[in-house]
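Read the structure below first, then the notes.
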Amino acid sequence: MINTIIFDFGDVFINLDKQAIERELYKLGVKTITEDMLQTAMLYEKGFISTDDFVNTFTTKYPSISAAEFKKAWNAIILNFPKHRLEFIEKLSTNKNFKLILLSNTNALHIEQVIKNMSLYMYRRFKNCFDKFYLSHEINLRKPDTSIYEFVLNENKLEASTCFFVDDTKENTEAATQLGIHTWNNDPEKDDITNLFDHPLFINN
């Protein structure tokens with residue numbers, strides 16, 4: 001029996017343009033996203049480097065790009081948060097049939113943009129729906145590392161078999177599945193989180 005639902009954030013609740021960062025950086029003269037750039041971004045998502053250090057790493061590598069230009073390009077990935085999804089999670093929270101957990105790979109700059117796009121009031125409404133709200137840069141862990149799922153299970157005293165995890169990234173759901181967590185690898189092009197309970201696992205229960 002499922003008693004806990006763990007949600008990703010981007011492309012589950014808030015819409016993303018996943019090609020936007022690379023596209024906007026290309027316009028600024030960054031022709032290739034190198035491995036060291038990706039590693040720096042991962043360190044930032046785990047909260048191991050500050051926003052200033054993260055931005056400085058890139059502007060030092062590309063002196064023609066200003067900090068403001070880089071931040072704008074970096075945050076171009078963040079789009080809108082459809083109101084019907086907020087209403088869905090608020091209703092689910094009010095019903096109190098499940099423990100609700102958010103588990104997101106993100107960073108301080110992206111959360112700033114999320115709040116700017118949503119408004120602080122709407123963001124707080126969203127955050128208040130969850131029993132636990134885990135952002136990778138705040139807990140120093142990142143999906144799909146198994147340690148992040150183990151952290152969530154242990155901290156909340158959960159059995160993997162009673163948890164259902166929704167994430168649009170296949171490697172993230174595959175990692176959770178290996179621990180015995182039920183998963184839905186949603187496709188943001190055709191799936192909507194408001195159709196969660198159409199999933200066979202819930203229909204059959």
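The values are calculated or read from the model by the stated rules, or taken from the named source; none is laboratory data. Since we're looking at a predicted model, the values are computed, not measured. Counting neighbours? That spans all protein chains shown, and the Cβs are built from the backbone with ideal geometry, glycine included. Note: areas computed on protein heavy atoms with side chains; ligands, DNA, RNA excluded. Shrake-Rupley method; radii C 1.70, N 1.55, O 1.52, S 1.80 Å.
For the chain, the longest principal axis of the Cα atoms and the long axis of helix 51-61 meet at an angle of about 40 degrees.
Reducing region 65-81 and region 46-63 to their Cα centroids gives an inter-centroid distance of 14 Å. For region 115-122, backbone phi angles converted through the Karplus equation (6.51, -1.76, 1.60; θ = phi - 60°) give residue-by-residue couplings of 5, 5, 6, 7, 5, 4, 4, 5 Hz, Gly and Pro being listed as x. The residues of the chain expose on average 52 square angstrom of accessible surface per residue, using a 1.4 Å probe on protein heavy atoms. Here the calculated FRET efficiency for residue 22 and residue 2, from their Cβ-Cβ distance with R0 = 45 Å, stands at 0.75, rounded to the nearest 0.05. Per Stokes-Einstein, at 10 °C and 1.306 mPa s, what whole-number D in µm² s⁻¹ belongs to region 14-127, with the Kirkwood radius over Cα pairs as the hydrodynamic radius? It comes out at roughly 101 µm²/s.
For the pair residue 131 and residue 197, a Förster radius of 30 Å applied to the C-beta separation gives a FRET efficiency near 0.95, rounded to the nearest 0.05. Under the combined filter of DSSP loop state and at most 14 neighbouring Cβ atoms within 10 Å, region 133-205 retains these GluC sites (Glu not before Pro): 159, 189.
The region of the chain that goes longest without hitting one of the trypsin sites (Lys or Arg not before Pro) in a DSSP loop, each with at most 11 other Cβ atoms within 10 Å, is 32-95. Put simply, the amide H of residue 186, placed in the peptide plane, has neighbours under 5 Å in 167, 168, leaving out anything fewer than 5 places away on its chain. Full extension of the chain between residue 170 and residue 157 yields a length gain of 2.2 nm, computed as 0.36 nm times the residue separation minus the alpha carbon distance. For the chain, compute Rh as the Kirkwood radius over C-alpha pairs and then the Stokes-Einstein diffusion coefficient at 37 °C and 0.692 mPa s; write the answer in µm²/s, rounded to an integer. This corresponds to a translational diffusion coefficient of 183 µm²/s. Ligands, DNA and RNA left out, the 1.4 Å accessible surface of the chain is 49% carbon and sulfur atoms.
Using just its DSSP H runs of length 4 or more, each adding -39500 (n - 2.57), the chain gives a mean residue ellipticity at 222 nm of -13000 deg cm²/dmol after division by all residues.
Could you tell me what percent of the DSSP beta bridges with both partners in the chain are antiparallel, to the nearest 5? Close to 5 percent.
Computed from point charges on the beta carbon alone (+1 for Lys and Arg, -1 for Asp and Glu), the dipole magnitude for the chain about its Cα centre is near 600 Debye. Listed values for region 192-200 are Karplus-derived 3J(HN,Hα) couplings in whole Hz (6.51 cos²θ - 1.76 cosθ + 1.60, θ = phi - 60°), namely 10, 4, 5, 9, 3, 7, 7, 5, x, and x replaces Gly and Pro. Take the alpha carbon gyration tensor of region 113-205, find the square roots of its eigenvalues, order them as a ≥ b ≥ c, and report rounded if a/c is under 1.5; if not, report prolate when a/b exceeds b/c, else oblate. It is oblate, given that a/c is not under 1.5 and a/b is not larger than b/c.
Pairs of lysine residues in region 1-120 that meet both criteria, 8 or more places apart or on different chains and Cα atoms under 21 Å apart, total 23. A straight line joining the Cα centroids of region 91-139 and region 144-205 runs 17 Å.
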